[in-house]
């Protein structure tokens, strides 16, 4: 095989359609765009989600539910997870700042501690919210809870 022998695979290269180059080409006159109307003119673009007069999908589908604007989203940590994180990162205290520094949450996240699992280590907590079960478990392990 040499450079002068190289050819593209059979059927992979197509001739471009030369539009508007005279009647003899077979694609002159209206240049394959049909007669008149917006689609035959330069600069035509259809409106987004336009379905050619058919009832558009956003109107065919029913409205459902609502979005509560007062909802507060928390990053949730269970006591079992916190024990594992403490082994890995050795926290002096379990706070939003420490979690952010270690890349576990983003800057604007709020943190809530839930009571699933066991807490073996004594830790002080500075978080946005704590469940009752988690609070009693933390205090039983000798830790303290401060809500920001």
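The values are calculated or read from the model by the stated rules, or taken from the named source; none is laboratory data. The structure presented is a predicted model; accordingly, all values stated were derived computationally and were not measured. Every residue, glycine as well, gets a Cβ built from its backbone with ideal geometry; the counts of neighbours run over all protein chains shown.
General remarks:
- Only listed residue being free of Cβ contacts under 8 Å to residues at least 60 places away in the same chain and on the phi > 0 side of the Ramachandran plot, chosen from 90, 136, 108: 90
- Number of the condition not met by residue 73 [criteria: (1) touching a helix residue (DSSP H, G or I) at 6+ places or on another chain (Cβ under 9 Å); (2) within 30 Å of residue 133 (Cα to Cα)]: (1)
- Within segment 27-51, the set of residues being surrounded by 10 or more Cβ atoms within 10 Å (Cβ to Cβ) and farther than 30 Å from residue 61 by Cα comprises 27, 28, 29, 30, 31, 32, 33, 40.
- Any hit, segment 9-19, residues being at pLDDT below 90, assigned to a loop (DSSP other than H, G, I, E, B) and either at positive phi or over 31 Å from the mean Cα position of the chain (by Cα) (or both): no
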